[in-house]
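Engineer: Could you have a look at this structure, given as structure tokens, before my questions?
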Amino acid sequence: MLAVSVDPPDVSARLRARLESRITFLSDPRSELLDQLGIRHRDPPGRETDIAFPTAILVDAQGKIRWIYQSDTYRQRARPDEIFTAIEAMTARERS
Amino acid sequence: MAFVLSLLLVFGTAVLVVSNFGASEDGRAAWATGQMIHAQYPWLLLASLVGGAVLGLVSLRNARWRRWPVVATECFVAAIVVWYVASYSWLPERSLNVAVGDDFPAYSLLAHDAKPRSFDAGADIDDTGRLYIFYRGDW
């Protein structure tokens, strides 16, 4: 599991420590990966830099995208059960 | 009576949402926060706020003027939340450059430890899969 934002590494490191998280936080300050995916939010209200649209992407062992979650509003995030369902579907597919 | 009920509905809902932030059970967000972060429209919360504000307005009939600023505050709180949910929090249209079945794009980015991490779907077939969570940042 990886968390990606436009924050520089030191900001990500502080958030990671505060959350007591053990996952990898990636920093995409120039929105390079965001642009490849098409999830750069340009000129978001109340922010000075472009940021990511809240998105979750599940990638299988071969590097192929298996599931994409996008928020309609910036309030919304994928529910844990939606994520688990997607992971189970991917695992079942790999087994068969 | 209507006035007391309106106070409970509006400020009770507001306090519930705020006090639920950060609270979780088994990793799931507490109910009121769950409504805010998982429902496209948190109908029950909105109905409670708007219903409470309307009750407050109704209770103004033959009431003393001192009640007015309280009901005005209720209407303000309800209006702010409705505006936030129905308008302000919506994201602009976007078009994804990838679809299910595509290779995840290759990248090389710095991680939280300031060391680079890279990925290339053509070369990296070494783990069980990855879940990328893209977040707005600056938290």
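Engineer: Looking only at the range B:89-123, count every residue that is closer than 23 Å to A:GLN70 by Cβ and in contact with a strand residue (DSSP E or B) (Cβ under 9 Å, 6 or more places away or on another chain) and tell me the total. Let's see the steps before the verdict.
Structural biologist: Filtering the range B:89-123 for residues closer than 23 Å to A:GLN70 by Cβ gives B:89-107, B:109, B:119, B:121.
Pick out the ones that are also in contact with a strand residue (DSSP E or B) (Cβ under 9 Å, 6 or more places away or on another chain) and you get B:89-92, B:94, B:96, B:98-107, B:109, B:119, B:121.
Within the range B:89-123, residues that are closer than 23 Å to A:GLN70 by Cβ and in contact with a strand residue (DSSP E or B) (Cβ under 9 Å, 6 or more places away or on another chain) number 19.
Engineer: Additional query: Checking B:VAL85 against (1) under 30 Å from A:LEU26 (Cβ atoms); (2) under 16 Å from the mean Cα position of the chain (by Cα); (3) at the interface with another protein chain (Cβ under 8 Å from one of its Cβ atoms): exactly one of these is not met. Which one?
Structural biologist: All conditions are met except number (1).
Engineer: Further question on the same structure: For the range B:114-125, does any single residue satisfy the condition of being farther than 21 Å from A:ARG40 by Cα and aromatic (Phe, Trp, Tyr)?
Structural biologist: No; the residues of the range B:114-125 include none that is farther than 21 Å from A:ARG40 by Cα and aromatic (Phe, Trp, Tyr).
Engineer: Of the residues that sit in the range A:38-93 and are touching an Asp or Glu at 6+ places or on another chain (Cβ under 8 Å) and among the acidic types (Asp, Glu), which one is surrounded by the most Cβ atoms within 10 Å (Cβ to Cβ)?
Structural biologist: The qualifying residue surrounded by the most Cβ atoms within 10 Å (Cβ to Cβ) is A:ASP60.
Engineer: A further question on this structure: Run B:ALA121 past the list (1) in contact with a Phe, Trp or Tyr (Cβ under 8 Å, 6 or more places away or on another chain); (2) within 20 Å of A:ALA52 (Cα to Cα); (3) facing chain A (nearest Cβ under 8 Å) and report the number of the one that doesn't hold.
Structural biologist: (2) is the only condition that B:ALA121 fails.
Computed from the coordinates by the stated procedures, all read-outs in this text should not be read as laboratory data. Here the structure is a predicted model, which is why all the values come from computation and not from measurement. Don't worry about glycine lacking a Cβ; one is built from the backbone with ideal geometry, like all the others, and counts go over all protein chains shown.
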